[in-house]
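Asks: Starting off with a structure, shown below.
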Amino acid sequence: MLETDHFLDIDDVTTDELETILDRAAAIKSGADDARLPERTLGMLFEKPSTRTRISFETGMTQLGGHAVFLGPDDIQLGHGEPLSDTSRVLSRYVDAVMARLFSHEDLVEIAEYADVPVVNGLTDDAHPCQTLADLLTIREQFGGFDGVQAAWVGDGNNVGQSFVVGAAMAGLDLTVATPPDYGMSEKCVEQAAELGHEPTIVDTPEEAVEGADVVYTDVWISMGQESERDEKLQAFEGYQVNEDLLSGTDAKVMHCLPAHRGEEITDDVLESDRALVWDQAENRLHAQKGLLVELLE
């Protein structure tokens with residue numbers, strides 16, 4: 001069991017608990033663990049659509065011997081017609097845990113405040129800690145651990161990037177970050193990483209970031225809900241595409257949380273090359289989340 005009641009940010013767990021979750025995930029992936037959560041139910045709240053998040057959580061609960069209930073935007077109007085606090089308290093009477101994929105991180109915090117069961121962040125505009133669990137599991141598998149691994153983030157300082165900055169610090173990864181002006185990581189997440197003893201190195205160009213990197217991570221430039229900023233962001237991110245020219249002279253593997261906007265932040269040839277770890281990342285959402293759910297609920 002974890003000491004935390006909820007998993008809203010990656011540093012809601014300690015560094016030791018993070019290692020325990022990854023160990024559990026690896027054991028589950030190897031087939032060593034069977035159905036650990038019989039008759040448990042996960043309630044899944046979705047304001048934002050998803051492929052990987054819904055399927056991985058729903059499949060994971062089934063494989064663990066439990067059940068997942070999907071509640072989409074047409075099934076439940078969070079904060080409209082019923083306060084978030086009421087929704088949270090009612091759900092707590094029905095399910096053993098709640099996973100919420102929302103726009104507002106503040107809404108997630110309010111749901112957790114009134115819940116009597118664990119609440120898991122399936123993504124908010126501020127953070128995506130479940131993705132970071134899968135990312136760290138993938139890196140650990142690929143490189144046999146974290147010692148001496150040099151990672152680079154190239155692109156937008158978005159929710160995925162911010163969770164990865166803190167998660168990388170917790171794991172002891174050396175991380176270099178290159179983002180356009182005005183699109184950097186939040187001061188809060190950089191300060192959190194510094195407090196953990198692994199402040200990321202911030203550089204001016206993608207070329208500086210990937211120099212000596214073992215793994216290069218990128219994500220979409222236009223996140224869900226930012227479609228009106230498309231032209232502005234495409235101009236700002238010129239030169240930040242992860243392509244073979246940027247990676248030439250390196251043996252770096254490439255990560256992307258998906259879905260990818262091919263031809264924007266990353267090219268087809270990189271995604272389809274032997275460099276890409278993206279399919280392992282996608283699979284590891286399933287295993288990492290199963291590890292998390294077992295540690296929260298068993």
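None of the figures in this text is laboratory data; all of them are computed from the coordinates on show. This structure is a prediction, so every number in the text was calculated from the model and none was measured. A quick note on method: Cβ atoms are made from the backbone with ideal geometry, for glycine too, and the neighbour counts reach across all protein chains shown.
Asks: Mind giving me the nanometre distance, one decimal, between the label points for V90 and T59, set 7 Å out from Cα along Cα→Cβ?
Replies: Here the modelled spin labels are 3.2 nm apart.
Asks: A further question on this structure: Please get the size of the charge dipole for segment 176-298, origin at its Cα centre, with Cβ charges of +1 on Lys and Arg and -1 on Asp and Glu, quoted in debye to the nearest 20.
Replies: 440 debye
Asks: Taking every DSSP beta bridge that has both residues in segment 26-165, what percent is antiparallel when rounded to the nearest 5?
Replies: 0 percent
Asks: Can you give me the relative contact order of segment 131-281 as a percent, contacts being Cα pairs under 8 Å and 6 or more apart?
Replies: 23 percent.
Asks: Search the structure for amide H atoms under 5 Å from the amide H of W153, placed 1.01 Å from N in the peptide plane, and list their residues when 5 or more places away or on another chain.
Replies: Here T176, V177, A178, Y217 satisfy the definition.
Asks: Grab the DSSP H runs of the chain that are 4 residues or longer, score each as -39,500 (n - 2.57), total them, divide by all residues and round the 222 nm result to the nearest 500 deg cm²/dmol.
Replies: -12500 deg cm²/dmol
Asks: For Cα pairs less than 8 Å apart in space and 6+ apart in sequence, what is the mean separation divided by the residue count of segment 25-84, i.e. the relative contact order in percent?
Replies: Value for segment 25-84: 38 percent.
Asks: Quick one: net charge around G155, please, counting Lys, Arg +1 and Asp, Glu -1 for every other residue with C-beta under 11 Å from its C-beta.
Replies: Numbers: positive: K233; negative: D156, D219, E264, E265.
Value of the local net charge: -3.
Asks: Putting +1 on Lys and Arg Cβ atoms and -1 on Asp and Glu Cβ atoms, find which of P38, T176, L137 reaches farthest to the positive end of the dipole of the chain.
Replies: After comparing all options, I get P38.
Asks: If I model a spin label at D74 and E141 as a point 7 Å from the Cα along the Cα→Cβ vector, what separation in nanometres do I get?
Replies: Once both label points are built, they end up 3.4 nm from each other.
Asks: Can you tally the net charge around V95? Count Lys and Arg as +1, Asp and Glu as -1, for every other residue whose Cβ sits under 11 Å from the Cβ of V95.
Replies: Overall, the nearby charge balance is 0.
Asks: Taking the Cα centre of the chain as origin, work out the dipole magnitude from +1 charges on Lys and Arg Cβ and -1 charges on Asp and Glu Cβ, in debye rounded to 20.
Replies: 1080 debye
Asks: How far, in nm, would the chain grow between T205 and L234 when pulled straight, counting 0.36 nm per residue and subtracting the alpha carbon separation?
Replies: Value of the extension gain: 8.8 nm.
Asks: Within 12 Å, Cβ to Cβ, of V215, how many net charges do the neighbouring residues add up to if Lys/Arg are +1 and Asp/Glu are -1?
Replies: Details: positive: R140, K253, R275; negative: D135, E141, D174, D214, D251, D280.
Charge balance in the 12 Å sphere: -3.
Asks: Report the label-to-label distance for D268 and K188 in nanometres (one decimal), using points 7 Å from each Cα along the Cα→Cβ vector.
Replies: Result for the modelled spin labels: 4.0 nm.
Asks: Then there's this: Counting pairs of alpha carbon atoms under 8 Å apart in space and at least six apart in sequence, what relative contact order in percent does the chain give?
Replies: In percent, rounded to a whole number, it is 21.
Asks: ³J(HN,Hα) across segment 105-114 via Karplus (A = 6.51, B = -1.76, C = 1.60, θ = phi - 60°), whole Hz, x for Gly/Pro?
Replies: Ordered by residue, 3J(HN,Hα) equals 5, 5, 4, 4, 4, 5, 4, 5, 4, 9 Hz.
Asks: Can you find, among L8, N243, P83, the residue farthest towards the positive end of the dipole of the chain? Put +1 on the C-beta of Lys and Arg, -1 on that of Asp and Glu.
Replies: With unit charges placed on the Cβ atoms, the residue in question is P83.
Asks: Also, I was wondering about something else. How much length is gained if the chain between T15 and N243 is pulled fully straight, taking 0.36 nm per residue apart and subtracting their Cα-Cα distance, in nm to one decimal?
Replies: 78.7 nm
Asks: Still on this structure, I have one more. Would you kindly derive the ³J(HN,Hα) couplings of segment 118-129 from the backbone phi angles with the Karplus curve 6.51 cos²θ - 1.76 cosθ + 1.60 (θ = phi - 60°), listing them in order in whole Hz, with x for Gly and Pro?
Replies: After applying 6.51 cos²θ - 1.76 cosθ + 1.60, I find x, 10, 10, 7, x, 2, 9, 5, 9, 7, 9, x Hz.
Asks: Let me ask another. Can you list the HN-Hα couplings for segment 256-267, worked out from phi with the Karplus curve (6.51, -1.76, 1.60; θ = phi - 60°), rounded to whole Hz and with x for Gly and Pro?
Replies: 7, 6, 6, x, 9, 9, 4, x, 9, 6, 8, 9
Asks: Name the long-range amide H neighbours of W221: under 5 Å, sequence gap of 5 or more, or other chain; modelled H, no Pro or chain starts.
Replies: Those lying under 5 Å, H to H, from W221 are E265.
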